[in-house]
1. With respect to residue 94, determine if the residue is open to solvent by 80 Å² or more (accessible area, probe 1.4 Å) and out of contact with any helix residue (DSSP H, G or I) (no Cβ under 7 Å at 6 or more places or on another chain).
2. If I filter region 26-59 down to residues being among the hydroxyl-bearing types (Ser, Thr, Tyr) and open to solvent by 50 Å² or more (accessible area, probe 1.4 Å), which single residue comes out as farthest from residue 14 (Cα to Cα)?
3. Against the definition (open to solvent by 50 Å² or more (accessible area, probe 1.4 Å), closer than 16 Å to residue 98 by Cβ and either part of a loop (DSSP other than H, G, I, E, B) or among the hydrophobic types (A, V, I, L, M, F, W, C) (or both)), how does residue 21 come out, yes or no?
4. Kindly list, by first and then second residue, each pair from a residue in region 92-103 that is modelled with pLDDT of 75 or more to a residue that is not in a loop (DSSP other than H, G, I, E, B), limited to pairs with Cβ atoms under 9 Å and residues at least 6 apart or on different chains.
5. What residue, among those in region 15-41 that are in contact (Cβ under 8 Å) with a residue 12 or more places away in the chain and of a type in the set (S, T, N, Q), is farthest from residue 61 (Cα to Cα)?
6. Any residue at all in region 61-70 that is hydrophobic (A, V, I, L, M, F, W, C), modelled with pLDDT of 90 or more and either open to solvent by 80 Å² or more (accessible area, probe 1.4 Å) or in a strand (DSSP E or B) (or both)?
7. For residue 16, which of the numbered conditions (1) closer than 24 Å to residue 80 by Cα; (2) more than 13 Å from the chain's Cα centre (by Cα) fails to hold?
8. Tell me which residues, restricted to region 1-10, are exposed (fewer than 15 other Cβ atoms within 10 Å of the Cβ) and touching a residue at least 24 places away in the same chain (Cβ under 8 Å).
Amino acid sequence: MTRPHRRPASFAGSFYPKEPLVLKHLVQRLLDQTDRSGPIPKALIVPHAGYSYSGAVAASGFALVMPIAAKIKRVVLIGPSHRIAFHGIAASRADAVASGCFE
């Protein structure tokens, strides 16, 4: 059995803390400050700017799916290219994205 290929975290230390424990505590604090009332969504659209800019808004979305987190088998991330303009889509060959936080 081969090990899954993890895409490394690209901006650790710039848009979010580089140290895993500091990042974990920041994410937990953001989640703890959310209102978890409401229906469980089937999909989320959340911002992905630096945590200081959009972390609270993203956490408010992710907090809503926490009750079913153990049942989630696959997460599909869709976002724009920030560095190179191109037509079509780009797809990673990675099986997962390294968060440095919850691994």
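1. So residue 94 fails the test.
2. Out of the qualifying residues, it is 37.
3. Against the criterion (open to solvent by 50 Å² or more (accessible area, probe 1.4 Å), closer than 16 Å to residue 98 by Cβ and either part of a loop (DSSP other than H, G, I, E, B) or among the hydrophobic types (A, V, I, L, M, F, W, C) (or both)), residue 21 qualifies.
4. Sorted first by the residue in region 92-103, then by its partner, the pairs are 92/7; 93/7; 94/6; 94/7; 95/6; 95/7; 96/6; 96/7.
5. Result: 33.
6. Looking through region 61-70, at least one residue is hydrophobic (A, V, I, L, M, F, W, C), modelled with pLDDT of 90 or more and either open to solvent by 80 Å² or more (accessible area, probe 1.4 Å) or in a strand (DSSP E or B) (or both).
7. Status for residue 16: all satisfied but (2).
8. Answer for region 1-10, where residues must be exposed (fewer than 15 other Cβ atoms within 10 Å of the Cβ) and touching a residue at least 24 places away in the same chain (Cβ under 8 Å): 4, 5, 6, 7, 8.
The values are calculated or read from the model by the stated rules, or taken from the named source; none is laboratory data. Please read these numbers as outputs of a predicted model, since none were measured by experiment. Every residue, glycine as well, gets a Cβ built from its backbone with ideal geometry; the counts of neighbours run over all protein chains shown. Note: areas computed on protein heavy atoms with side chains; ligands, DNA, RNA excluded. Shrake-Rupley method; radii C 1.70, N 1.55, O 1.52, S 1.80 Å.
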